[in-house]
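Structure first, commentary second.
The values are calculated or read from the model by the stated rules, or taken from the named source; none is laboratory data. The structure presented is a predicted model; accordingly, all values stated were derived computationally and were not measured. Here the Cβ is made from the backbone with ideal geometry for all residues, glycine too, and neighbour counts use every protein chain on show.
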């Protein structure tokens, strides 16, 4: 026992002395840090806790979560972008921070060039929600009212250019209408504002709303995507909002320049995770889907997002 | 309903429930006592553990971490003047003064008993009145929040120090610090001077440690007298008579804390400060506050723990988490197949009541765990300074770093430490500054939301739709003026009264 | 001493308030607009301007107060930081803190903490070298392991040391 530790110690000392490149074939040899540019307790945090409790079985190393909130996600992204490209620092983010922010802020990094994608872990499709006793029965009612009263309809969202704001902006652009956008600290408070009547419309992730939907306190008017999530609720495509709208993709990125074999190891670990029974069960319990997308595929999607968001921002904002 | 309640009540009494709850309380207390390592972090890390447990075991386990963590936060506040959260700032004032007097054990005891009393009472109130509270919660939106935050700031500034003008100046300086970074409403850069490190704003934890802990350490190091004279005794335990003396204060703070908990978005910082202020104001010897008054510790701790019960209400009745802690609890509920929301009580009534019962009993369990742990914590002050100071600095730096993982925050920590020393020598209170900083952002945010809701016509909006906001705003200057006069009158004839006239009946220690 | 410091603090706050208020447009960026409506319901400059005005008003009140009671006795000085203070020690303490902050990231948590704790022990008056060295080594290491292995939060550390620790602990 002691002998084994001594041997390990000797090996480690040798490695230290020889200054071997950290990214040898044996990657990973120390815990991997997953930077989250968001605060504790949010859905990214919860997802990361599930991932980090199971992925060690496939990576043979622990995964440490590091929360670096601040400046709308820029702080953590900057930290990951500037860390060594050795595969020991990864970023767990979503598409709005990742690809949209570059068009509305001056970023100290370039998201298009500073990262390569490892995997899309899952995504959350959004739905348009009104109160159960709202006069808006269909999405067309909303459009009609908003056309007649521009800037009057109060829409509660979770922060500028966040997960509820961007789909709303896409809707406003597609339909040529405008809402009175009222910010709240997160999706929970925004939903509460809808229920108490401070706002007339909001968005939410149907997976987290089932209880309110069942009792009829809120009503879904449309859900993101091309396939119906609820039988009698139309999709975004059916109501005329096309493209990659209303999806929050949770993605793992690595700094650009990470050695290809390290990227492969990581991509394979995330792929293997999808088959893990405990992972499947826990994600199911959290109400998240497991619509996994491999790194190369998501990389293509990211590039498309960058263009889409640029068009969106250029179209609807001015200085 | 009652039947389910009865079933649930007895379902809670399981050995494994209590064992895991005890483990959660203990672990939460340990993590909470490390500055920078928040309760929230501990809950997030252990959330997956709860997935594999029975709901009546797993959720009480998380609740235990939560409750233990909040008390844990007051341990460094009392022992080394190092508040790990904004909620512990009010505790620091009197808690550390008691430690300096060699009464650290007494301070920890009163903190434990008042936090448990506050928590226990608000939990029971919450369970009994969950539906009325749920209706009440719906009455508060951003306009009311803005008005209450404004009122709180005025009350804190007026009652904080000897001079309201100086306190208000410090509070305004705190507001300035809250402007640094991206503005809460529009997200544009303010006062960053082109530095990316400032874009995320000024970090709270380095500020708290810098302003409260570093000047105290510097004071110890700067003392020319022999080190051995530093208060190194733990002191005796709390006496029953002292607890009785604080009872009115504890009850008052519990009511304040519960009420604050009902208003979404206010939280523990406001509760602790208002509880403390109210106690100081109601006391007939307000000058002893801040100089080692056990009532001060009791007031702050009871109020900040009483917030916990009502914050669960939106989660249980609507399925909407109001803050990050309840978001984690939502995750835990959902993972157990319990969907919080309107029908939760109809479908899973017994299980929910079992969890709530366990939550109430967690408090009783914590009396035992806390009471047994306090002697060990209290011994920290007996470590000699040449070891304690390096260790405290280690924790301060690690805590400041972990908060945001940014090495620049360490320089801010030192800067705040230096400012803390200057402010202390010039007799400017730093507490209003911290409060201005913590509450400034939410106030601006809530005001911005109110403006957006009003569509530009704020006055018409307030008159027609938000009478309660209007009432609070009109009352604010009156309350502020009244408190200012009262504090001025009470502190003037200082020499006529005995500061330490407190009755000390010899009825023996507790237990 | 205390009175002079008090005036100095208030004076610098006043100067800051005036400077910020005058140069407010340089300090605050302009908000974007969405469909011609501002993305922010209140101007990002309005709260800062109100607070600058408040500070100027308060400073006025403060200096008026100083002027009025200029003859009266000073308030009781703070008992913990007075003229009796050993400022040399406090200066050394802050120098060590500054050093610690500067080497924290480049040298890693364990090494920088070791150096800082040794120096702080000396500042705090300990002369027992063995105790200092052992304590300064064991506590940062224990804390590092607690934070990274049990609480799963990361502290900065040199890659080489991280590998070494990972090897010793096994996978």
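Looking only at region B:455-471, filter to residues that are surrounded by fewer than 19 Cβ atoms within 10 Å (Cβ to Cβ) and closer than 21 Å to residue B:184 by Cβ; which one of those is farthest from the other protein chains (Cβ to nearest Cβ)?
B:461
Please enumerate the residues belonging to region C:136-153 that are touching a helix residue (DSSP H, G or I) at 6+ places or on another chain (Cβ under 9 Å) and within 9 Å of chain B (Cβ to nearest Cβ).
Passing the criteria: C:136, C:139, C:140, C:143, C:144, C:147, C:150, C:151, C:152, C:153.
For residue C:105, all conditions in the list (1) at the interface with chain B (Cβ under 7 Å from one of its Cβ atoms); (2) within 22 Å of residue B:219 (Cβ to Cβ) hold save one; what is the number of the exception?
(2)
Please indicate, with yes or no, whether at least one residue in region B:283-293 is more than 10 Å from every other protein chain (Cβ to nearest Cβ), surrounded by fewer than 20 Cβ atoms within 10 Å (Cβ to Cβ), farther than 30 Å from residue B:483 by Cβ and at pLDDT below 85.
No, because not a single residue in region B:283-293 is more than 10 Å from every other protein chain (Cβ to nearest Cβ), surrounded by fewer than 20 Cβ atoms within 10 Å (Cβ to Cβ), farther than 30 Å from residue B:483 by Cβ and at pLDDT below 85.
Restricting attention to region C:153-171, and to residues there that are within 26 Å of the chain's Cα centre (by Cα) and at pLDDT below 80, which single residue is surrounded by the most Cβ atoms within 10 Å (Cβ to Cβ)?
Among those residues, the one meeting the criterion is C:154.
Which condition breaks for residue B:392 when tested against (1) part of a helix (DSSP H, G or I); (2) at the interface with another protein chain (Cβ under 7 Å from one of its Cβ atoms)?
Going through (1) part of a helix (DSSP H, G or I); (2) at the interface with another protein chain (Cβ under 7 Å from one of its Cβ atoms) one by one, residue B:392 breaks only (2).
Filter the helices (runs of 4 or more DSSP H) completely within region B:135-243 down to those with at least 2 residues that are in contact (Cβ under 8 Å) with a residue 40 or more places away in the chain, surrounded by fewer than 20 Cβ atoms within 10 Å (Cβ to Cβ) and more than 10 Å from every other protein chain (Cβ to nearest Cβ).
B:142-160
Table: residues versus (1) surrounded by fewer than 22 Cβ atoms within 10 Å (Cβ to Cβ); (2) over 19 Å from residue A:100 (Cβ atoms); (3) over 18 Å from the mean Cα position of the chain (by Cα).
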| position | (1), (2), (3) |
| --- | --- |
| A:134 | yes, yes, yes |
| A:155 | no, no, yes |
| A:160 | no, no, no |
| A:187 | no, no, no |
| A:194 | no, yes, yes |
| A:201 | no, yes, yes |
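Criterion first (closer than 29 Å to residue B:6 by Cβ and in contact with a helix residue (DSSP H, G or I) (Cβ under 9 Å, 6 or more places away or on another chain)) does residue B:332 satisfy it?
yes
Considering each residue of region A:157-186, count those that are in contact with a strand residue (DSSP E or B) (Cβ under 8 Å, 6 or more places away or on another chain) and farther than 21 Å from residue A:235 by Cα, and give that number.
8
Quick one: is residue B:361 at pLDDT below 90, under 30 Å from residue B:109 (Cα atoms), under 25 Å from the mean Cα position of the chain (by Cα) and assigned to a helix (DSSP H, G or I)?
The answer is no for residue B:361.
Only residues in region A:245-257 that are more than 18 Å from residue A:78 (Cα to Cα) count as the first member; pair them with residues that are part of a loop (DSSP other than H, G, I, E, B), Cβ under 6 angstrom, at least 6 apart or cross-chain, and list the lot.
Final answer for the pair search is A:245/A:236; A:246/A:126; A:246/A:224; A:246/A:236; A:247/A:224; A:248/A:163.
Would you check if there is a residue in region C:124-135 being over 20 Å from the mean Cα position of the chain (by Cα), facing chain B (nearest Cβ under 7 Å), farther than 30 Å from residue A:53 by Cα and not in a loop (DSSP other than H, G, I, E, B)?
Looking for residues that are over 20 Å from the mean Cα position of the chain (by Cα), facing chain B (nearest Cβ under 7 Å), farther than 30 Å from residue A:53 by Cα and not in a loop (DSSP other than H, G, I, E, B), one finds at least one in region C:124-135, hence yes.
Among the residues of region B:338-358, write down those that are on the phi < 0 side of the Ramachandran plot and outside any helix (DSSP H, G or I).
Result: B:338, B:339, B:340, B:342, B:343.
If a residue has to be surrounded by fewer than 22 Cβ atoms within 10 Å (Cβ to Cβ) and at the interface with chain C (Cβ under 7 Å from one of its Cβ atoms) to count, how many in region B:425-447 make the cut?
3
So which of A:74, A:102 ends up being under 19 Å from the mean Cα position of the chain (by Cα) and more than 14 Å from chain B (Cβ to nearest Cβ)?
A:102 is the lone residue from the list that is under 19 Å from the mean Cα position of the chain (by Cα) and more than 14 Å from chain B (Cβ to nearest Cβ).
Does residue A:18 qualify as being within 12 Å of chain B (Cβ to nearest Cβ) and either buried (at least 23 other Cβ atoms within 10 Å of the Cβ) or modelled with pLDDT under 85 (or both)?
Criteria not met by residue A:18.
Mind listing whichever residues of region C:1-15 are within 8 Å of chain B (Cβ to nearest Cβ) and either modelled with pLDDT of 75 or more or in contact with a helix residue (DSSP H, G or I) (Cβ under 6 Å, 6 or more places away or on another chain) (or both)?
C:5, C:6, C:8, C:9, C:10, C:13, listed by residue number.
Tally up the residues in region A:30-68 that are assigned to a loop (DSSP other than H, G, I, E, B) and closer than 20 Å to residue A:284 by Cβ, please.
Of the residues in that region, 2 qualify.
Looking at A:43, A:52, can you tell me which residue is within 12 Å of chain B (Cβ to nearest Cβ), modelled with pLDDT under 80 and surrounded by 13 or more Cβ atoms within 10 Å (Cβ to Cβ)?
It is A:43.
Can you tell which of B:368, B:381 is over 30 Å from residue B:138 (Cβ atoms), out of contact with any helix residue (DSSP H, G or I) (no Cβ under 7 Å at 6 or more places or on another chain) and more than 14 Å from chain A (Cβ to nearest Cβ)?
Exactly one of B:368, B:381 is over 30 Å from residue B:138 (Cβ atoms), out of contact with any helix residue (DSSP H, G or I) (no Cβ under 7 Å at 6 or more places or on another chain) and more than 14 Å from chain A (Cβ to nearest Cβ), namely B:368.
If we only count helices (runs of 4 or more DSSP H) wholly inside region A:107-214, which ones have 2 or more residues that are more than 10 Å from every other protein chain (Cβ to nearest Cβ) and in contact (Cβ under 8 Å) with a residue 40 or more places away in the chain?
Output list reads A:111-114, A:139-148, A:165-175.
Which residues, counting only those in region B:37-52, are surrounded by fewer than 23 Cβ atoms within 10 Å (Cβ to Cβ) and not in a helix (DSSP H, G or I)?
Within region B:37-52, B:52 is the sole residue that qualifies.
Going through B:367, B:422, B:380 one at a time, which residue ends up being surrounded by fewer than 20 Cβ atoms within 10 Å (Cβ to Cβ), free of Cβ contacts under 8 Å to residues at least 40 places away in the same chain and assigned to a helix (DSSP H, G or I)?
Unique residue meeting the criteria: B:422.
Starting from residues that are out of contact with any helix residue (DSSP H, G or I) (no Cβ under 8 Å at 6 or more places or on another chain) and within 9 Å of chain B (Cβ to nearest Cβ), keep the ones in region C:27-45 and report whichever is nearest to residue B:173 (Cα to Cα).
C:44
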